[in-house]
Every structure is written in structure tokens, then in C-alpha cells.
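S.K.: Just dropping this structure here.
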Amino acid sequence: MSAPLPVDIAGSSTFGRYPRISICKTYNMILSDDWLVPYSGYVNVKSITKSGIGTGRAVFNSPRLGKMIVVADNGVYSVSSNSDIDFVTSVEVNFIASIGTFLGDVFIDENEKQEIAICDKSNIYIYNYGTGTFKKANLDFIPGYVCFQDGRFVASATGTPTWRLSSVQDSTVWPAGVFNGASFTGTLQTKGDTVVATVRPPSRGNALYIFGNIVTEIWYDVGNPLFPYQKQTSLNIDYGCLNASTIAFTDNLVVWLGSNEKSGPVIMYTTGGDANRISTDGIDFLFASLTNPSNSYGFIFRQAGHIIYQLTFPDDNTSIIYDFTTQKFFNVTDNKMDYHIAKRVAFFNGNYYFVSFNDANLYQFSPNIYDLDGEVCPRIRNTSHIRKPDMSPFVLRDVTVQMEQGEAQESQVAEVAISLTGGDSWGNYYSQQIFPLGVRQNWFRSWIKVRTNDIVLQYRFYGDGRFVVGNGVATIL
């Protein structure tokens with residue numbers, strides 16, 4: 001018997017350009033201390049529309065109001081709870097007003113005057129929850145994104161190199177040109193470009209990022225009387241944004257799907273003046289193969305200490321996550337192995353909630369939820385190639401994997417299949433029952449007898465409870 005070969009069960013998706021290079025993929029699990037653990041599951045909390053049929057467009061947590069603002073179809077709703085103990089069973093949805101569009105992206109931000117700005121990329125609406133008024137702003141431009149900073153709302157002007165400021169006194173007024181001796185219009189200056197989004201980065205004081213299609217400029221509110229912002233002249237980011245819906249931020253981190261005139265889509269992030277590209281050969285090859293990367297959505301959240309950016313390409317039926325804590329990529333899906341249904345996420349009352357691509361419901365999103373709204377979550381791991389260093393043939397007898405067992409009341413199953421073609425095709429799946437509650441066996445062994453010089457394994461884990469899976473070893477003869 002030869003020395004056992006390691007099997008990397010606990011690994012990430014590496015997106016090898018071709019399967020022979022790397023077939024490693026992990027679906028709906030992430031790494032924690034070199035073990036695979038479940039990615040967040042979800043449960044339907046409440047229908048936003050009466051039927052739940054429609055399209056979720058945006059969700060926003062208003063700390064001052066103490067409610068979430070949700071946009072579904074053309075309706076704007078507030079979501080709250082009459083219980084601090086159990087939000088899910090006591091959730092209340094109240095209709096606020098209608099907007100002029102039924103489809104498309106919506107961006108929301110809040111000021112210090114009990115006003116919430118809602119931009120549907122056609123108009124900006126100002127909801128004053130103190131007075132209960134809901135007004136359409138007086139605009140001479142088509143807004144593409146809205147944020148709040150230093151007493152005023154800021155918006156991109158779609159199809160132009162400019163970005164606009166609201167009046168400090170009246171958020172529904174967006175003056176053109178010079179008004180009362182002051183200018184309310186900024187212009188991209190680094191390249192010939194159009195403004196995509198205006199983003200107030202977290203933890204950066206008076207900084208404002210102006211995203212174009214191919215460049216990003218950094219401006220600061222310095223309080224100039226003529227125009228309050230001043231451009232950072234010694235620094236810009238040579239990547240713009242492919243779609244404002246991919247921009248997400250937390251702590252001191254801003255992430256987006258970037259582009260410029262010299263490259264295709266890339267994931268970019270910055271913690272200030274720096275600009276970093278998250279890139280591998282495999283991920284670049286994946287992005288290059290997308291048919292419509294401009295139809296993309298991203299959000300960022302925390303899962304048990306991990307900062308995770310989720311990115312979805314609906315037209316290409318693909319969702320991936322990047323874990324900034326482990327610096328690894330993973331695949332995520334719905335219960336049918338299609339793209340993940342989460343579109344926008346908000347943190348409210350100690351939990352994450354999202355609106356969906358598929359319907360007009362509000363979902364809770366948590367690592368303590370192990371299924372997908374009552375459906376079994378497919379948790380899958382394709383290992384890397386098991387080979388001898390000299391590529392000589394061997395007989396694989398069995399594979400033993402470290403695995404938590406005996407913790408779930410529900411039935412749990414693990415399946416394994418083999419590929420002798422580098423992952424191009426798979427053989428039959430061999431199913432085994434996981435040990436039941438109280439039988440805490442710490443390993444899982446699959447008897448596989450085959451002669452080869454290159455083999456790939458696929459493990460599938462099914463059940464309503466959690467799965468905690470470590471690495472394994474292959475016994476060879």
C-alpha cells in the first residue's frame with residue numbers, strides 16, 4: 001500500500017480556465033478555519049405586495065425611522081415590527097406611495113431632516129416621514145444614482161459627464177447652472193466619460209467617489225462657497241463602473257464591478273485612495289465568457305465575521321461570492337442550481353433581509369438558516385485532481401473525509417461521484433446516510449475502487465441541518 005494522497009474537500013472555487021487545469025468548485029458553502037461550513041440560507045418573511053407576485057427592486061434600512069423601506073414594482077413600502085423579540089412573526093408592511101416606473105434599479109439614501117430620497121433612474125422622490133409627504137423632485141436631468149452627504153443629496157446625471165446637488169434648504173429643488181451665486185453641478189475631468197454613480201464611501205469623512213464608465217474620481221466637500229466640492233488632483237482610479245447596481249460598501253471598503261477602455265469586467269475594491277483588482281486567470285476567463293455582464297447586481301454583508309461580496313449575472317445564470325476574510329471565491333445558487341435569488345440586502349434589527357429577483361417578497365438571510373425557503377440547499381464540492389507527482393497509475397481504494405456528524409435531528413445524506421475525464425463527465429452517485437443525532441462519528445468514508453492516474457471527486461451534501469466538512473485522504477494501492 002502506497003502513502004495516502006491528500007484530497008482537498010475544504011476548498012474554494014478556483015475557476016480554472018479549463019477543467020484539466022482546475023475543476024475545483026464549491027457551491028453554497030464557504031471556508032471557516034479551513035473547514036467548509038454552510039453559506040447563508042433564507043426564508044420568506046412577508047409578501048410586500050398583496051399577492052407576493054412582482055419584482056423586488058430595493059431595500060433600505062432607515063435607522064432614524066426605525067423601519068426598512070422596500071420598493072416592489074411601482075410601490076414604496078415601509079416594513080417594521082411591533083415586537084423587538086420576534087420580527088418575523090410580527091412584521092408589518094405599509095404602503096407609502098407609488099412611483100412612475102415598475103421595473104429597473106432603484107437607489108435609496110436618507111438625510112438628517114427625516115427625508116428619504118428614492119431614485120428609480122427616471123426621477124427622484126423625496127419621502128418626508130416626519131410630515132408624511134411624498135414629492136417628486138423638480139429635475140432638468142435624468143438621475144442615475146442618489147446619495148446623501150453634508151446636508152444635500154447628490155445624484156449622477158445619466159448620459160452626461162456631470163453630477164448634481166440638491167438645495168440644502170429643499171431636497172426637491174436641484175438648481176441648474178448658478179443659483180444665488182453658487183453652482184450645483186460637478187463635472188468629470190480626468191477622461192471623456194459619463195457619470196454612473198456618486199458614492200459617499202464609509203469612514204472617509206467628506207470624500208465623494210464619482211464613478212464614470214471608465215474612470216473614478218475622488219472629490220472632497222471643502223465648503224467652497226461657489227461649489228462645495230474640490231477634486232483630488234493627484235489621484236484617480238483608472239477603472240469606472242460597469243453597473244451602479246454592483247456598487248457595495250461597508251466599514252472602509254467599497255467594491256464594484258469595474259471596467260475601463262482597455263479591459264473587460266473586473267471586480268475592484270478600494271479602502272481609500274488605493275484601487276485593487278481581484279483577479280485570477282480563471283475569474284477573468286469567466287467574466288470574458290459572460291454574454292451580458294452589464295446586467296449585474298452586487299451587495300456586501302457579514303456572515304459570522306466574514307465580509308462577503310455577492311455578485312449575480314442574471315442573463316448568464318451565474319452568482320459568485322468573494323470572501324474578503326479568506327480571499328476566496330465560491331459559487332452560490334438557488335435550490336435548482338440557478339443563480340441566487342438575492343438582489344438587494346439590508347441589515348435591520350440584528351438580521352439581514354433581502355428582496356428577490358423572482359418575486360415581491362422579503363426574505364431573511366442568515367447562516368443559521370440551512371435551507372432555501374423550505375427547499376433543500378444543494379451544497380457541492382468538486383475536488384482538485386488527485387494525481388501522483390509522477391502521474392503513474394494507482395488503484396484508489398477509499399476516501400476518508402473529516403466531517404461533523406450526529407448534530408442534526410433531520411435526515412442528512414452525502415453523495416459522491418467520480419470523474420476519470422478531468423471533470424468533463426461524472427459517473428453514478430453513491431449515496432450514504434449521515435450518522436443521526438447523538439452518533440458523533442468524526443469521519444465519513446467512501447469505498448471507491450478504481451484504477452487510474454487522475455481522478456476528480458464530487459461530493460454533494462443534502463439535508464436541512466448544517467454540514468461541517470474538513471479535508472480528506474485517499475487510500476491507494
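S.K.: Packing-wise, with mean Cβ within 10 Å as the measure, how do 55-63, 264-272 rank, highest first?
M.R.: The most tightly packed comes first, giving 55-63, 264-272.
S.K.: Could you size up the charge dipole of the range 358-477 around its Cα centre, putting +1 on the beta carbon of Lys and Arg and -1 on that of Asp and Glu, and report it in debye to the nearest 20?
M.R.: Around 700 debye, computed over the range 358-477.
S.K.: Got a sec? Charge dipole of the range 41-366, +1 on Cβ for Lys and Arg, -1 for Asp and Glu; which of I300, I247, P202 is way out at the positive end?
M.R.: It is P202.
S.K.: With runs of 4+ DSSP H residues as the only contributors, calculate the mean residue ellipticity of the chain at 222 nm using -39,500 (n - 2.57) per run, divided by the residue total and rounded to the nearest 500.
M.R.: Rounded to the nearest 500, it is -500 deg cm²/dmol.
S.K.: Which FRET efficiency, nearest 0.05, do V468 and I53 yield, Cβ-Cβ r, R0 35 Å?
M.R.: The pair V468/I53 has a calculated efficiency of 0.40.
S.K.: Right, something else. Run down the aspartates and glutamates and flag those whose C-alpha is under 17 Å from the C-alpha of K191, throwing out any fewer than 8 positions away in its chain.
M.R.: Those aspartates and glutamates meeting the cut-off are E217, D238, E261.
S.K.: Please give the charge dipole size of the range 41-366, origin at the Cα centre, charges +1 on K and R Cβ atoms and -1 on D and E Cβ atoms. Round to the nearest 20 debye.
M.R.: For the range 41-366, the charge dipole is close to 360 debye.
S.K.: With no solvent and one equal point scatterer per Cα, compute the Debye intensity ratio I(q)/I(0) for the range 77-162 at 0.11, 0.16, 0.19 Å⁻¹ and report its log10, rounded to two decimals.
M.R.: -0.37, -0.70, -0.91
S.K.: Moving on. Restricting things to alpha carbons, find the Rg to Rh ratio for the chain using the Kirkwood radius for Rh.
M.R.: Rg/Rh: 1.03.
S.K.: K449: which lysines have alpha carbons under 16 Å from its alpha carbon, excluding same-chain residues fewer than 8 sequence positions away?
M.R.: Result set, ordered by chain and number: empty.
S.K.: If you don't mind, another one. Against the 2.2 N^0.38 Å scaling, with N counting residues, where does the range 296-433 land? I'd like the Cα-based Rg ratio to two decimal places.
M.R.: 1.27
S.K.: Now for a separate question. For A304 paired with S425, estimate the spin-label separation in nm (one decimal), with each label point 7 Å from Cα along the Cα-to-Cβ line.
M.R.: Taking the simple label geometry, A304 and S425 are separated by 3.8 nm.
S.K.: On to the next question. Using the charge dipole of the chain (Lys, Arg: +1 at Cβ; Asp, Glu: -1 at Cβ; taken about the Cα centre), state which of V173, F153, Q441 has its Cα farthest towards the positive end.
M.R.: Q441
S.K.: Which listed residue (Y322, W219, Y129) has the Cα farthest towards the positive end of the charge dipole for the range 41-366, taking +1 on Lys and Arg C-beta and -1 on Asp and Glu C-beta about the Cα centre?
M.R.: Farthest along the dipole direction, towards plus: Y129.
S.K.: A further question on this structure: Obtain the nm distance between the two label points defined at Y220 and N128 by a simple spin-label model: each point lies 7 Å from its Cα along the Cα-to-C-beta direction.
M.R.: Those two pseudo-labels are separated by 3.4 nm.
S.K.: By count of other Cβ within 10 Å, fewest leading, how are L242, L31, L226 ordered?
M.R.: Neighbour counts put them in this order, fewest first: L226, L31, L242.
S.K.: May I pose another question? Near the amide H of K388, under 5 Å away, which other amide H atoms are found, from residues 5 or more places off or on another chain, if H is placed in the peptide plane?
M.R.: Residues meeting the amide H criterion: none.
S.K.: Quick one: compute the contact order of the chain, relative version, from alpha carbon pairs under 8 angstrom and 6+ residues apart, as a percent.
M.R.: Over the chain, the number comes to 18 percent.
S.K.: Are any of the pairs K121/K328; K50/K343; K25/K388; K67/K343; K135/K343 more than 23 Å apart by Cα-Cα distance, and if so, which?
M.R.: Going by Cα-Cα distance, K121/K328; K135/K343 fall outside the 23 Å limit.
S.K.: Same structure again: How high is the FRET efficiency from V450 to V413, r the C-beta distance, R0 30 Å, rounded to 0.05?
M.R.: 0.85
S.K.: So between V178 and N295, what do we pick up on full extension, going 0.36 nm a residue minus the alpha carbon distance?
M.R.: Gain on stretching V178 to N295: 38.5 nm.
Bear in mind that the values in this text are calculations on the coordinates, not laboratory data. Values in this document were obtained by computation on a predicted structure and should not be read as measured data. Because the Cβ atoms are built from the backbone with ideal geometry, glycine has one as well, and the counts that use them run over all protein chains shown.
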